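See below for the structure under consideration.
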Ligand code: FA5
């Protein structure tokens, strides 16, 4: 038979268990064990039916007190767990607005692209248009039309990557060889452009060139040139114009005093020809940067223009060499080294 002592034992057992509960889940289990429909408190209530009326009143009252008490401490404990969870979440998810942000890394342009853009910008400001040409060229455009015939010793100036393809068959093809190669310079675009456009004209042609040669600090087998071509009516343009344009370019490109010299040279497609050297302060040496000259009459003829009417100058500058001078880069091979320590400096 249920007596007071059993009730007090139940109360202290439940109280202890609730106070020691370690989680909400445990608490829910204890609720079911003591206060649920089939829980221990309800069991006691059921047993009351067998008690005498006085006892039922007395013990019933105590059971209700205990039930209420257990419900209260359970609610308190549940609230405690909820507070703990909120505190934990707040401390973990706290946004510290004073903490320094994580810098988003932005990509940037390759130094050769930066130099190409700057070169284009300067020539555009002098009225030149930017024109492109194919990297895979025919023998005719790369050599013959530029007055560099087969078996001419001048061809040795340009060690060539030849591409597999059809050997010339028809007479037309023989006259204008369609043997394919990787262009060794940007000069073939002079012919391509003059075939389609009547002078006067001013163009610059940036682009990739390829030469079958050993690499060193200033030579790559793949590098960039910017071709320049300016054609006017005969008698209206001379070497003096070339010098003025190049001096203006160099002044703007290097933004300051830079020593430059013109040296006589030889190219089959210009007459007279010269080389432009720029003084490299860090090595105290002259660097060969631009090949140039007055367009050869045979080049005009090959492009379908009458050299009696037209005159002009052309030049081809090494873009990589310009970049080396501008940024003081000691070795041309760094451009394609994919070395982030190098690239991140620009
Ligand atoms: C030429 O290629 C001529 N087509 C330039 C020219 C154009 C002359 C129009 C007259 C009229 P050259 O081989 O010197 O010339 O090359 C011109 C420039 O390209 C050089 O001064 C140099 O700056 C660059 N260059 C040549 N070969 C390499 C190489 N292997 N690696 C890096 N730069 C090179």
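Only the coordinates and a few stated rules stand behind these numbers; no lab work does. None of these values were measured; they are calculated from a predicted model. Using ideal geometry, Cβ is built from the backbone for each residue, glycine included, and neighbour counts are taken over all protein chains shown.
Taken along the Cα-to-beta-carbon direction at a fixed 7 Å, the label points for residue 132 and residue 241 span 2.8 nm. Neighbour counts of other Cβ atoms within 10 Å put 320, 151 in the fewest-to-most order 151, 320. A Förster radius of 56 Å combined with the Cβ-Cβ distance from residue 24 to residue 331 puts the calculated FRET efficiency at roughly 0.25. In the chain, the longest principal axis of the Cα atoms and the axis of helix 53-93 are about 10 degrees apart. Cα axis of helix 239-254 to longest principal axis of the chain: angle in degrees, 0 to 90, nearest 10? Here the helix axis deviates by roughly 20 degrees.
Over what distance in Å are the Cα centres of region 25-53 and region 72-119 separated? If we compute the Cα centre of each part, the gap is 49 Å. For a test of the definition: using alpha carbon positions, the gyration tensor, and the 1.5 limit on a/c, classify region 111-343 as rounded, prolate or oblate. Taking the square roots of the gyration eigenvalues as a ≥ b ≥ c, region 111-343 is oblate.
Region 239-291 and region 208-227 have Cα centres spaced 19 Å apart.
When 324, 126, 260, 85 are sorted by how many other C-beta atoms sit within 10 angstrom of their C-beta, beginning with the fewest, the order is 85, 126, 260, 324. With both labels modelled 7 Å from their Cα along Cα-to-Cβ, the residue 282 to residue 37 distance reads 8.6 nm. Relative to the longest principal axis of the Cα atoms of the chain, the long axis of helix 4-20 makes an angle of roughly 10 degrees.
Comparing 314, 240, 145 in a Gaussian network model of the chain, where Cα atoms under 10 Å apart are tied by springs, the biggest mean-square fluctuation is seen for 240. Treating r as the C-beta distance of residue 195 and residue 110 and R0 as 30 Å, the FRET efficiency rounds to 0.40.
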